[in-house]
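> Next up is a structure, given as C-alpha cells.
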Amino acid sequence: MQIFETIASMGHEQLVLCNDKASGYRGIIAIHSTTLGPALGGTRFWSYASDEEAIVDALRLARGMTYKNAVAGLNLGGGKSVIIGDNKTADREMLFRAHGRFVESLGGRYITAEDVGTSTSDMDYVHMETDYVSGLAGRSGDPSPVTAHGVFRAIQASAKQRWGSDDLSTKTVSLQGCGHVGYYLAKELREAGATLVVTDIDAERVKRVVNEFGARAVGVDEIYGVQADVFAPCALGAIVNDATIPQLKVEIVAGAANNQLLEERHGAALEDKGILYAPDYVANAGGVINVYSELAGWTSARAFRKADEIYDTILRVFAIATQDRIPTYVAADRLAEHRIRAVGSMVKTWPQWPNK
C-alpha cells in the first residue's frame, strides 16, 4: 500500500498510527479535513483482516464524515478512528485510556465519539485522558430520536419533491429495521398518518412496533418486494444492490442506514427505475447533529430544530440534481463541497499575536 499516494488521492490531511504496548492498543486516527472546524468522527472497534484494511476503512469513514458534517451545516470537519481488535473484550479501561491519550496529542484537531463496537462507557474512559470526546453518558443522551426526526423530515421532503405535498397520511412506508432509530421513525410516521409495513431480524422489536403503531410485519427478505410508496432502510448498509433494486415497488428510498448503496452505480440504477433517492448521509445527519449539540451546549429542543433543517437540505439536493442533471447522491456531494469551498475561501484575519 502506497500510504502517501492513498492519502493524497482521497484528500486527507493527516493519518496517525498509534501503538501502546502495555494495553495492547493499536489504533488509527484519520483526519480528512479541518476546513470547517475540528474533525469530528467516532471510534470504531473492529477486528480487521489486515492493517491495510483498517487504514482504508478509517480513511473512507473520515472522508464520509467531512461530507456529512458539511451538508448538515455544522462547523466541523471530518475524521474517524479505528481500534483494531476484538470489540467483545471485557478489558476496556486501559485500551480506551490509551486511545484518549493519542486523541489528546492532536490538540483538538480531532474530536471522537462512540461508533460501531464502542459505547458511552468506553467514551468515559477516553474522557479520563482528553476533553476532545463527545457522546458521554448523561450528556446529549440517546441520539436515536433526533436521527429519526431528521429521517422523517427527509421523507417528507422527498414526498414534496415527488408528489407536490409532504402529507404522508395516505402513504405506505416499508420500514427495514425496528431498532432505536427505526422505532422512533415508526412513531413519527404513524403520528403523520402513514401506514407501516415493517421487518427486523429481532422478532421482539417487530412485535413492539406492530403492537404500538399498528404496523404489518413481513419477513426479512420480503421487505424489498412490498408494494409501498416509500422504502426506509434503517438497518444494514449496502442493501440497495443488484439483487434488491429489481424487487423494489416504491417511488422513494429514504432511511437512516449508512452506506445504503452497495456501489455508487446503484444510485444511478435507482434513478433509471424512476425511484427518488434521499442520500443517506443527508437524511441521517440527525445523529451527528445530536453529537454537535453536546459540544456546543445546545438544548434538546435546539438539536431537534437543527434536524428540522434536513427537510430544506434534501430539497436543495434535489434542486441541484435536477438543475445539473445528475443523480441525487452526486448532488449531495456537490452541496457539501460547495460549503467547504465557500468557508475555505473566506478572508483569513491575522492570528492572535503573540501566537498562543
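> Do we have residue 322 as assigned to a helix (DSSP H, G or I), within 17 Å of residue 73 (Cα to Cα) and either in contact with a Pro (Cβ under 9 Å, 6 or more places away or on another chain) or not charged (D, E, K, R) (or both) here?
Working: assigned to a helix (DSSP H, G or I): yes; within 17 Å of residue 73 (Cα to Cα): no; either in contact with a Pro (Cβ under 9 Å, 6 or more places away or on another chain) or not charged (D, E, K, R) (or both): yes.
The answer is no for residue 322.
> Which is within 24 Å of the chain's Cα centre (by Cα) and at pLDDT below 95, of 251, 264?
Values: 251 fails: at pLDDT below 95.
Of 251, 264, the one residue that is within 24 Å of the chain's Cα centre (by Cα) and at pLDDT below 95 is 264.
To keep it simple, each residue is scored yes or no on (1) among the hydroxyl-bearing types (Ser, Thr, Tyr); (2) in a helix (DSSP H, G or I); (3) more than 20 Å from residue 19 (Cα to Cα).
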| position | (1), (2), (3) |
| --- | --- |
| 61 | no, yes, yes |
| 64 | no, yes, yes |
| 81 | yes, no, no |
| 101 | no, yes, no |
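> Can you tell me which residues in segment 41-69 are open to solvent by less than 20 Å² (accessible area, probe 1.4 Å), over 12 Å from the mean Cα position of the chain (by Cα) and in contact (Cβ under 8 Å) with a residue 40 or more places away in the chain?
If the condition is that a residue be open to solvent by less than 20 Å² (accessible area, probe 1.4 Å), over 12 Å from the mean Cα position of the chain (by Cα) and in contact (Cβ under 8 Å) with a residue 40 or more places away in the chain, then 43, 45, 55, 58, 59 are the ones that fit.
> Now for a different question. Among the residues of segment 160-189, write down those that are under 12 Å from residue 229 (Cα atoms), small (Gly, Ala, Ser) and either crowded, with 24+ Cβ neighbours inside 10 Å or within 21 Å of the chain's Cα centre (by Cα) (or both). Lay out the reasoning, then the answer.
Here is the first cut: in segment 160-189, the residues under 12 Å from residue 229 (Cα atoms) are 162-163, 168-175.
Of the ones still in play, those that are also small (Gly, Ala, Ser) are 169, 174.
Within segment 160-189, 174 is the sole residue that qualifies.
> Could you list all residues from segment 40-59 that are in a loop (DSSP other than H, G, I, E, B) and under 14 Å from residue 110 (Cα atoms)? Explain how you work it out, then say what you get.
Taking segment 40-59 as the starting set, the residues that turn out to be in a loop (DSSP other than H, G, I, E, B) are 41-42, 47-50.
Those that are in a loop (DSSP other than H, G, I, E, B) and under 14 Å from residue 110 (Cα atoms): 41, 42.
> Within segment 294-306, is even one residue farther than 18 Å from residue 32 by Cβ, open to solvent by less than 20 Å² (accessible area, probe 1.4 Å), touching a residue at least 60 places away in the same chain (Cβ under 8 Å) and under 17 Å from the mean Cα position of the chain (by Cα)?
The answer is yes, given that some residue of segment 294-306 is farther than 18 Å from residue 32 by Cβ, open to solvent by less than 20 Å² (accessible area, probe 1.4 Å), touching a residue at least 60 places away in the same chain (Cβ under 8 Å) and under 17 Å from the mean Cα position of the chain (by Cα).
> Determine which member of the set 192, 228, 268, 217 is crowded, with 21+ Cβ neighbours inside 10 Å and on the phi < 0 side of the Ramachandran plot.
None of the other options fit; the residue is 228.
> Check whether at least one residue in segment 75-89 is of a type in the set (A, V, I, L, M, F, W, C), under 28 Å from residue 311 (Cβ atoms) and crowded, with 19+ Cβ neighbours inside 10 Å, and report yes or no. Even if it seems obvious, please write down each step before you answer.
Initial filter on segment 75-89 (of a type in the set (A, V, I, L, M, F, W, C)): 76, 82-84.
Cutting the leftovers down to under 28 Å from residue 311 (Cβ atoms) gives us 76.
Going one step further and asking which of them are crowded, with 19+ Cβ neighbours inside 10 Å, we end up with 76.
Within segment 75-89, one or more residues are of a type in the set (A, V, I, L, M, F, W, C), under 28 Å from residue 311 (Cβ atoms) and crowded, with 19+ Cβ neighbours inside 10 Å.
> Let me ask something else. In the set 222, 191, which member is free of Cβ contacts under 8 Å to residues at least 40 places away in the same chain and over 23 Å from residue 157 (Cβ atoms)?
Working: 191 fails: over 23 Å from residue 157 (Cβ atoms).
None of the others qualify; the one that does is 222.
> Looking at segment 114-130, which of its residues are in a loop (DSSP other than H, G, I, E, B), in contact (Cβ under 8 Å) with a residue 12 or more places away in the chain and open to solvent by 10 Å² or more (accessible area, probe 1.4 Å)? Talk me through it step by step, then tell me what you get.
First, the residues of segment 114-130 that are in a loop (DSSP other than H, G, I, E, B): 115-119, 128-130.
Filter again for in contact (Cβ under 8 Å) with a residue 12 or more places away in the chain, leaving 115-118, 128-130.
Matches in segment 114-130: 115, 116, 117, 118, 128, 129.
> From 135, 150, which residue is within 17 Å of residue 184 (Cα to Cα) and surrounded by 24 or more Cβ atoms within 10 Å (Cβ to Cβ)? First the steps, then the outcome.
Details: 135 fails: within 17 Å of residue 184 (Cα to Cα).
Of 135, 150, the one residue that is within 17 Å of residue 184 (Cα to Cα) and surrounded by 24 or more Cβ atoms within 10 Å (Cβ to Cβ) is 150.
The values are calculated or read from the model by the stated rules, or taken from the named source; none is laboratory data. All values derive from a computational prediction rather than experimental measurement. Ideal geometry is used to build each Cβ from the backbone, glycine not excepted, and the neighbour counts take in all protein chains shown. Accessible surface is based on the protein model in full, side chains and every heavy atom, while ligands, DNA and RNA are left aside. Shrake-Rupley method; radii C 1.70, N 1.55, O 1.52, S 1.80 Å.
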